[in-house]
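Worksheet: one structure, shown below.
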Amino acid sequence: MSESRAVIFGSSGRRLTGEERAFYRGEAPWGFILFARNVGEPNEIADLVADMRDCVGRADAPVFIDQEGGRVQRLRPPLAPNYPPAAALGALHAAEPETGLRAAWLMSRLHAFDLMRLGINADCLPVLDVPVEGAHDVIGNRAYAKDPAVVAAMGRAAAAGLMAGGVLPVMKHVPGHGRAFSDSHLALPVVDAPLDELRARDFAPFAALADLPMAMTAHVVYTALDPDRPATTSPRIVGDVIRGEIGFDGLLMSDDVSMKALSGDFDEKARAILEAGCDVVLHCNGVMDEMKAVAAGCAGLSPEARRRAGRALSLLGRADGAIEAALREEFSALTGAVA
């Protein structure tokens, strides 16, 4: 693991190009991430994942995907059912809490079946953001509820379902994206809420799940914490809030460095992310020139990052032996969704 560079990269298509293979072999990213452009037939996906791991010479290299359900779901039929969004599960919880919690666990456990058969071993889920009225719908129905306690409970169930299937969860977007009034894919959101309000609502689900192995930052400025820098590049937010107040000591990855919320050259952005205290930089779009610049700004994993990465990877592959067909039938009965 000491040879790995502190970065997660995407790739451009359904199979690696010769240039990508050479680049990954030379730079040795810690992990990879898949998007819809990488999704073909099952054997194509499995071959792509295996090829990525072969490039870095690590059979346990994490391969991430955003498989939430609802509008954020990279695997679609026939690879996986169209799962409901988190808000639909939250509505079940509002009517009958135990049903909602069971549905959240089941959906994640089914995600794990879908992912593991393709070799994908990490899912950027659960979403622990707590929306407020009038916020941008970039989170919207991706959130379980507007009550932090419900978000925490549902997020705990979702993370447990993934881990029961041998898949690593990544909670997002710490310390909270729910009250942002713009989409960080397109612009830098600024949140002016006072600190006590942030503590009571935004931070609470992350603090409740601080024992999870991985988390992803929010590209959001919180003026009460750091008026100049978003959480992803703020040493104060990473050190004092995420590591300190929230108490998260797992592997901390940035949100996508190519999103418009972050300014500057790619090597500068990568350095700022790592200098702020994040463990790993995430770059998603597979554009080679950008990846080369990001790699230039990323050193190897720090000793603390190696420790956290090792802890996360030690949880891989511990599937519970559950019977897939029975769980799909139960999920369909609970939710009315075809699973």
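Put a dot 7 Å past the Cα of GLU98, heading toward its Cβ, do the same for ALA325, and the two dots end up 2.8 nm apart. For LYS172, LYS146, LYS292, the sequence from fewest to most other C-beta atoms within 10 Å is LYS292, LYS146, LYS172.
Projecting label points 7 angstrom from Cα along Cα→Cβ for MET116 and ARG25 puts them 3.2 nm apart. Roughly what % of Cα-Cα distances in region 111-227 sit above 18 Å, to the whole percent? In whole percent, the share of Cα-Cα pairs in region 111-227 beyond 18 Å is 49. Among 271-284, 199-212, the peptide with the highest mean count of other Cβ atoms within 10 Å heads the list, and the full ranking is 271-284, 199-212. Per residue, the convex hull spanned by the Cα atoms of the chain amounts to 112 cubic angstrom. Summing +1 for each Lys or Arg and -1 for each Asp or Glu among the other residues whose beta-carbon sits under 9 angstrom from that of ILE65 gives -1. Looking at the chain, what % of its DSSP beta bridges pair antiparallel, to the nearest 5? In the chain, approximately 10 percent of DSSP beta bridges are antiparallel ones. Charge dipole of region 73-166 (Cα centre as origin; +1 on each Lys and Arg Cβ, -1 on each Asp and Glu Cβ, all else neutral): 340 debye, rounded to the nearest 20.
The charge dipole of region 294-339, taken about its Cα centre with unit charges on the Cβ atoms of Lys, Arg (+1), Asp and Glu (-1) only, comes to about 420 debye.
The gain in end-to-end length when the ASP289 to LEU195 segment is fully stretched comes to 29.9 nm, 0.36 nm per residue minus the alpha carbon separation. For region 46-93, the set of trypsin sites (Lys or Arg not before Pro) satisfying both a DSSP loop assignment and a count of at most 12 other C-beta atoms within 10 Å is given as ARG71. Placing unit charges on the Cβ atoms of the charged side chains and taking the dipole of the chain about its Cα centre, the candidate lying farthest along the positive direction among VAL174, MET216, ALA312 is ALA312. A convex hull fitted to the Cα coordinates of region 223-273 yields 78 cubic angstrom per residue.
The Cα atoms of region 35-93 cover 44, 21, 14 Å along the three principal axes, with the biggest extent listed first.
Just how many % of Cα pairs in region 73-166 lie over 18 Å apart, if you round to the nearest whole percent?
Of all Cα-Cα pairs in region 73-166, 43 percent lie more than 18 Å apart.
Since every read-out is calculated from the coordinates, none of them should be taken as a lab result. The model shown is predicted, which means the values in this text are computed figures rather than measured ones. For neighbour counting, all protein chains shown are included, and Cβ atoms are generated from backbone atoms with ideal geometry for every residue, glycine included.
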